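The values are calculated or read from the model by the stated rules, or taken from the named source; none is laboratory data. Since we're looking at a predicted model, the values are computed, not measured. Neighbour counts are summed over all protein chains in view; Cβ atoms, including those assigned to glycine, are modelled from backbone coordinates with ideal geometry. What goes into the accessible areas is simple: the full protein's heavy atoms, side chains included, and nothing from ligands, DNA or RNA. Shrake-Rupley method; radii C 1.70, N 1.55, O 1.52, S 1.80 Å.
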Amino acid sequence: SLLQRINEAYYLPAWCSIEDYRRLFEAEGLVDIKVADWSNEVAPFWAEVIKSAMTSTGIMGLFKAGWTTIKGALVMPLMAQGFKMGLVKFNLITARKPQ
């Protein structure tokens, strides 16, 4: 699957939803849990990163950084595709410890 290919390239753990995170926060006793979907704000980032990686400076930087970075760069289009498909979202979650 697309998510599995992304996981393998970035060495990520299994994906979970923002609601899974909310439940984890609640289980730990955190309060004032707030969630915000920042996907639309983050969306322009992917095109710019891919564009910058395709410059001569970007390509040289990738080679200097090594295989792990090259592998990650090659998978960036998959992250963008996952975002467009609604599989990948960029959420922010905050909470605080109870008094």
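A few remarks follow.
- The angle separating the long axis of helix 39-53 from the principal Cα axis of greatest extent in the chain is about 20 degrees.
- The alpha-carbon of Lys64 sits under 22 angstrom from the alpha-carbons of these lysines, leaving out residues fewer than 8 places away in its chain: Lys51.
- For the chain: relative contact order, % (alpha-carbon pairs under 8 angstrom, 6 or more apart): 47
- Euclidean distance between Cα centres, the range 60-78 to the range 8-42, Å: 26
- Of Ala65, Gln4, Phe90, farthest towards positive along the dipole that unit charges on Lys, Arg, Asp, Glu beta carbons give the chain: Ala65
- Between Thr57 and Arg23, the modelled label-to-label distance comes to 4.6 nm, taking each label 7 Å out from Cα in the direction of the beta carbon.
- Anchor Lys89: aspartates and glutamates whose Cα lies under 16 Å away (excluding residues fewer than 8 positions away in-chain): Glu19, Asp20, Asp37, Glu41
- Dipole axis of the range 23-63 (+1 Lys, Arg; -1 Asp, Glu on Cβ), positive-most option in Val42, Leu30, Ala53: Ala53
- For the chain, the longest principal axis of the C-alpha atoms and the axis of helix 18-27 are separated by about 40°.
- The gain in end-to-end length when the Leu12 to Ser39 segment is fully stretched comes to 7.8 nm, 0.36 nm per residue minus the alpha carbon separation.
- Estimated [θ] at 222 nm from DSSP helical runs (n ≥ 4, -39500 (n - 2.57)) normalised by residues in the chain, nearest 500: -20000 deg cm²/dmol
- Rounded percent of accessible protein surface that carbon and sulfur make up, the range 35-82, 1.4 Å probe: 70
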